[in-house]
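One structure is given here, and the rest of the page talks about it.
The values are calculated or read from the model by the stated rules, or taken from the named source; none is laboratory data. From a predicted model like this one, the values you see are computed outputs, not experimental measurements. Counting neighbours? That spans all protein chains shown, and the Cβs are built from the backbone with ideal geometry, glycine included. Heavy atoms of the whole protein, side chains included, go into the accessibility calculation; ligands, DNA and RNA do not. Shrake-Rupley method; radii C 1.70, N 1.55, O 1.52, S 1.80 Å.
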Amino acid sequence: MALFLLYETSSGYSLFLANGLDEIGQNTEAVRNSVSDLNRFGKVVQLTAFHPFESALDALNQCNSVSEGIMTDELRNFLELNLPKVKEGKKAKFSLGVAEPKIGSHIFEVTKIPCQSNEFVHELLRGVRLHFERFIKDLKPGDLEKAQLGLGHSYSRAKVKFNVNRVDNMVIQAIFLLDTLDKDVNSFAMRVREWYSWHFPELVKIVNDNYIYAKLAKFIDDKSKLSEDKLPALTDILGDEDKAKEVVEAAKASMGQDLSPIDLINVQQFAQRVMDLSEYRKKLHEYLVTKMNDIAPNLASLIGEMVGARLISHAGSLTNLAKCPSSTLQILGAEKALFRALKTRGNTPKYGLIFHSSFIGRASARNKGRMARYLANKCSIASRIDCFAESSTTVFGEKLREQVEERLDFYDKGVAPRKNIDVMKAAIGSAENKDTAMEIEEAPAVASAKKSKKKKSKSDTAENGEAEDKPTVNGGAAEDAKSEKKRKKEKRKLEQEQAVEKSNGDRVDADEQDGTAKKKKKTKKSKDQDTEELQDASGMKKKKKKSKGEE
């Protein structure tokens, strides 16, 4: 049986025929030893056909389809032209060796060409790859490397572009930045406290919040200039009038040392930086919340945006989190404790990042492990729904949260929770109702848009009609004369039509009058005939009576 080899390169498709395999051996080891020798390998493997790609874009499309195991039309035409034809109902006397089993199965399904992919074929293709430049004579040195480099760049760029659509990368970066900002803002706020405490040490005990302290440090500046005139502004910052009065009194009897104007300016600038960082942190948190509601709405509604984002970032992506079993998700983030427990044969951890959820804190000490296991189960379900569902909805996350609440009540009060199947059926029903409601809302919106378009078109036509009726200002006397002639012609036509209609009406009236006269004549004739018949009948009766009297 003849063996053909299909080799895909960056420059095109090539087909090789393997003849006389006895010279190099039928086993894989013999082929591996003979690959390096071109004289031996060239006698066995010979080029039969080569089909170059039309452009770099065509090469990229062919490469993508081959990597996905799909046979394109070009490849099918190439194989059907250059391979022997297989008769219907008979086995082929050849086989096609391919590198990927996926594309081999697809070729067999479509064209019924028998394909094989094994170590023996892979070794032959390795030899073809090694000596490919010598098989094709028209290739210049360096052409194949350039084609490979260009195709490799475009192929990897296409894969990266495909990954851009996975928006969970933005969530991972945002949660990392949020954690670093928390550390930085805390350290900078402590530095502001220490720096400004040399000038106004009593303020630290009055104000505990870092952001408000930085605001006050920027507003007060020099404590000696602080008076009761600034009380309204202080109350706006602090939100409490008593605290504002306390700050003013503390500034009057402060034990801090005076600072030079340059030092105070530097303190103010640093306090402004801390305020900007904390405001940016708030905006970043809002951005993360909106992103989580778009990417993983069910997970966010079940466990919260921050904990859900940390789970996604620790797993690497939403897809990786959906692939994790609930037991892995339960201890995600506690890997060190797990391996330490396995090494020392101690107790394994009960929870990892999931501990930051409010449900674990609300559970009693003896039920924390059970609650963590149950919550990890529900988080696994929510992440899979978010990852693989076609439409995004928060219905399932809300129902799963209700289940967790019911489980908490069951552990504390003994109230029996609902069954999972009943809750999921209710969630599916509510999700379907929401979809239908959305469709119903969209339909009248489309109808109203069509109506508005019709109204606009009517108004446009009316405006155009009005514009046509109005004489142009810049048209001159000639246009006015033309318009007057047109109007006169139209009047004449109308008068003629009215005259024709009147004449037709007169004819109809005359015809009607003739018809009535004829009808009257007919009725008179019929009456005369009736009277004559009656007279004849009466005469006949009299004659009969006379004849009877004579008898």
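Looking at the structure I just gave you, is R76 open to solvent by 60 Å² or more (accessible area, probe 1.4 Å) and farther than 26 Å from E109 by Cα? Judged against the criteria, R76 is not a match. Going through (1) under 25 Å from D143 (Cα atoms); (2) open to solvent by less than 40 Å² (accessible area, probe 1.4 Å) one by one, F120 falls short only on (1). When each of I103, I113, I70 is tested for being among the β-branched types (V, I, T) and more than 21 Å from A2 (Cα to Cα), the lone residue that passes is I70. For the range 192-215, the candidate set comprises residues that are under 51 Å from the mean Cα position of the chain (by Cα) and of a type in the set (D, E, K, R); within that set, the residue that is surrounded by the most Cβ atoms within 10 Å (Cβ to Cβ) is K215.
Looking only at the range 331-345, decide whether some residue is assigned to a loop (DSSP other than H, G, I, E, B), β-branched (V, I, T) and either free of Cβ contacts under 8 Å to residues at least 12 places away in the same chain or open to solvent by less than 60 Å² (accessible area, probe 1.4 Å) (or both). The answer is yes; a qualifying residue exists.
Going through (1) open to solvent by 60 Å² or more (accessible area, probe 1.4 Å); (2) free of Cβ contacts under 8 Å to residues at least 24 places away in the same chain; (3) touching a helix residue (DSSP H, G or I) at 6+ places or on another chain (Cβ under 9 Å); (4) not aromatic (F, W, Y) one by one, R273 falls short only on (2). Scan the range 176-191 and tell me whether some residue there is more than 17 Å from L277 (Cβ to Cβ), open to solvent by less than 50 Å² (accessible area, probe 1.4 Å) and not polar (S, T, N, Q). No; the residues of the range 176-191 include none that is more than 17 Å from L277 (Cβ to Cβ), open to solvent by less than 50 Å² (accessible area, probe 1.4 Å) and not polar (S, T, N, Q).
Would the range 220-228 turn up any residue that is at pLDDT 90 or above and either over 23 Å from K282 (Cα atoms) or not polar (S, T, N, Q) (or both)?
Looking through the range 220-228, at least one residue is at pLDDT 90 or above and either over 23 Å from K282 (Cα atoms) or not polar (S, T, N, Q) (or both).
Restricting attention to the range 297-325, the residues that are within 21 Å of the chain's Cα centre (by Cα), under 18 Å from G352 (Cβ atoms) and hydrophobic (A, V, I, L, M, F, W, C) total 6. When we screen S313, S301 for residues that are part of a helix (DSSP H, G or I) and either at pLDDT 95 or above or touching a Ser or Thr at 6+ places or on another chain (Cβ under 6 Å) (or both), the only hit is S301.
Which ones in the range 136-149 are open to solvent by 40 Å² or more (accessible area, probe 1.4 Å) and either touching a residue at least 24 places away in the same chain (Cβ under 8 Å) or assigned to a helix (DSSP H, G or I) (or both)? Within the range 136-149, L139, D143, E145, K146, Q148, L149 meet the criteria. Tallying residues that are open to solvent by 60 Å² or more (accessible area, probe 1.4 Å) and either of a type outside the set (D, E, K, R) or not in a helix (DSSP H, G or I) (or both) within the range 87-104 yields 8.
Pairs linking a residue in the range 175-189 that is more than 18 Å from G304 (Cβ to Cβ) to a residue that is assigned to a helix (DSSP H, G or I) and of a type in the set (G, A, S), with Cβ atoms under 7 Å and 6 or more positions apart or on different chains, are V185/S278; A189/A214. Within the range 348-390, the set of residues being in a helix (DSSP H, G or I), open to solvent by 20 Å² or more (accessible area, probe 1.4 Å) and either of a type in the set (S, T, Y) or touching a Lys or Arg at 6+ places or on another chain (Cβ under 7 Å) (or both) comprises L353, S358, K368, Y374.
Conditions tested, residue by residue: (1) touching a residue at least 40 places away in the same chain (Cβ under 8 Å); (2) closer than 30 Å to K215 by Cβ; (3) hydrophobic (A, V, I, L, M, F, W, C); (4) open to solvent by less than 60 Å² (accessible area, probe 1.4 Å).
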position	(1), (2), (3), (4)
V267	yes, yes, yes, yes
L277	yes, yes, yes, yes
E286	no, yes, no, no
N298	yes, no, no, yes
L302	yes, no, yes, yes
S313	yes, no, no, yes
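Answer yes or no as to whether I113 is open to solvent by less than 30 Å² (accessible area, probe 1.4 Å), within 21 Å of G12 (Cα to Cα), among the β-branched types (V, I, T) and not in a helix (DSSP H, G or I). Yes: the conditions hold for I113.
Taking the criterion of being over 17 Å from L375 (Cα atoms) and in contact with a Phe, Trp or Tyr (Cβ under 8 Å, 6 or more places away or on another chain), the only residue of the range 310-340 that qualifies is S313. Looking at K245, K230, just one residue is assigned to a helix (DSSP H, G or I), open to solvent by 80 Å² or more (accessible area, probe 1.4 Å), without any contact (Cβ under 8 Å) to a residue 60 or more places away in the chain and not polar (S, T, N, Q), and that residue is K245.
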